[in-house]
């Protein structure tokens, strides 16, 4: 009687394992970068909302907000607002309106010491200044490098 073996040889199994390992070594860094990009993208959205709320307050009332209750936006400085960033504000009727986002955890190239934020200057033209640490550049291409100022 002729006997036929069914199954895979050890060499075939080893080749499959090597191929899976190579694919995983390519996919895992891409996943980590996409995950960091998604986490970092929260801060510009919150800062943009702050820009709009601060400028709306200046446009409607003529002065800056003294507290977050004067702005038409949720207070983002509470500890349970964000899992990835801690937000701090500097508000006052006669000073710049400023919101700073500090990462709670290291994200990709972004260290916990790298802050990002926005400032609405109360002066003729109500300028908006955005700033960020250099490590955010690859995650936020629209924010540019360093401090940028745009007339509104």
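Looking only at residues of the stretch 128-152 that are assigned to a loop (DSSP other than H, G, I, E, B), in contact with a strand residue (DSSP E or B) (Cβ under 9 Å, 6 or more places away or on another chain) and at pLDDT 80 or above, we find that the one that is surrounded by the most Cβ atoms within 10 Å (Cβ to Cβ) is 139. Could you list, in sequence order, the residues of the stretch 53-65 that are surrounded by fewer than 17 Cβ atoms within 10 Å (Cβ to Cβ) and assigned to a loop (DSSP other than H, G, I, E, B)? 62, 63 - these are the residues of the stretch 53-65 that are surrounded by fewer than 17 Cβ atoms within 10 Å (Cβ to Cβ) and assigned to a loop (DSSP other than H, G, I, E, B).
Could you pull out the residue among 68, 84 that is on the phi < 0 side of the Ramachandran plot, surrounded by 13 or more Cβ atoms within 10 Å (Cβ to Cβ) and modelled with pLDDT of 90 or more? From the options 68, 84, the qualifying one is 84. All of 100, 118 fail the test of being closer than 20 Å to residue 52 by Cα, in contact with a strand residue (DSSP E or B) (Cβ under 8 Å, 6 or more places away or on another chain), part of a strand (DSSP E or B) and touching a residue at least 60 places away in the same chain (Cβ under 8 Å), apart from 118. Applying the criterion of being in contact with a helix residue (DSSP H, G or I) (Cβ under 6 Å, 6 or more places away or on another chain) and not in a strand (DSSP E or B) to the residues of the stretch 103-115, the residue that is nearest to residue 37 (Cα to Cα) is 108. If only residues of the stretch 21-52 that are free of Cβ contacts under 8 Å to residues at least 60 places away in the same chain and touching a strand residue (DSSP E or B) at 6+ places or on another chain (Cβ under 7 Å) are counted, the one that is surrounded by the most Cβ atoms within 10 Å (Cβ to Cβ) is 46. Does the stretch 11-20 contain at least one residue that is under 28 Å from residue 139 (Cα atoms), out of contact with any strand residue (DSSP E or B) (no Cβ under 6 Å at 6 or more places or on another chain), in a helix (DSSP H, G or I) and at pLDDT 90 or above? For the stretch 11-20, residues under 28 Å from residue 139 (Cα atoms), out of contact with any strand residue (DSSP E or B) (no Cβ under 6 Å at 6 or more places or on another chain), in a helix (DSSP H, G or I) and at pLDDT 90 or above: absent.
The values are calculated or read from the model by the stated rules, or taken from the named source; none is laboratory data. Bear in mind that the values here come from a model prediction, so they are computed numbers and not experimental data. Virtual Cβ from ideal backbone geometry, glycine too; neighbours counted across all protein chains shown.
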